[in-house]
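Take a look at the structure set out below.
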Amino acid sequence: EEPATNPDGVYVVTKATELAWVAKQTQTAVFGGSLIITNDIDLSGKQWTPLGYNGSTTTGATGFYFNGSIDGQGHTISGLDIQTGADDVSAGFIGGTNNKEASIKNLNIAGTMTINNTSKGADFGSLIGFANAMSSVENCHSSVTILCNGASVGSYLGGLVGRMKATDIIGCSYTGSISIIATSKVGKGLGGILGSPNSSTSGATGSLCNSVFAGSINVEGTIGSSGTA
């Protein structure tokens, strides 16, 4: 259900069906529209398709980024049910971003995330899988429970953001639990807020400021040599 826009052209999202409409747009093209969320939204009962899903490691497809901004205005999106496929490149409430002018702010999320990925180079976080060249993630808080099954070799996993590049994370928190059940080495980067600030681009800088991890991480298996908690 397409949400209305305000005089500034910003989508005003009031309910689950409108948020689902935005997610659907990101499956066929890069979405650059901005959103404000005016109510708490319950997504229970449906599996969530990430905003800006970022492709497949099997096909090589890069998918479509979510290049807009979101102001949650302090509201909570609850009932998230995020389930990844075996070859997903990135996943979270938002899969991937790629807009240095964009920001995600003042948003709370709750629910579950189940990662069933065995591919290299994947990025997973409850809020954003890959925060690529964004302006900022500010005052965002997650209590999403994350369960990682199998040998997710080469993946970056963070409670809030999987991997970031040239992005500032400011005043955020993760209070959920991360459980990794693996039969072999898993992960390139693991953290309560951020899996990795990994970037191979010269001059691409980001920061993690005034943010709190008050959740838990439990690993049954072996973290790879570069994995950290």
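The simple Förster model, with R0 at 41 Å and r as the Cβ-Cβ distance, assigns VAL212 and ASN116 a FRET efficiency of 0.90. As a rough guide to protection, the peptides 26-37, 164-175, 129-140, 98-109 ranked by mean Cβ packing within 10 Å, highest first, stand as 129-140, 164-175, 98-109, 26-37. Note on the stretch 61-179: Kirkwood radius taken over Cα pairs, Stokes-Einstein applied at 4 °C and 1.567 mPa s, translational D equal to 93 µm² s⁻¹. Taking the Cα centre of the stretch 1-109 as reference, the dipole from Cβ charges on Lys and Arg (+1) and Asp and Glu (-1) amounts to some 140 debye. For LYS165, a cut-off of 16 angstrom between C-alpha atoms picks up these aspartates and glutamates, skipping any fewer than 8 places away in its own chain: GLU101, ASP123, GLU138.
Throughout, read-outs are computed from the coordinates displayed, never taken from laboratory work. Just so we're clear, the structure is a prediction, and the values are computed from it rather than from any experiment. Here the Cβ is made from the backbone with ideal geometry for all residues, glycine too, and neighbour counts use every protein chain on show.
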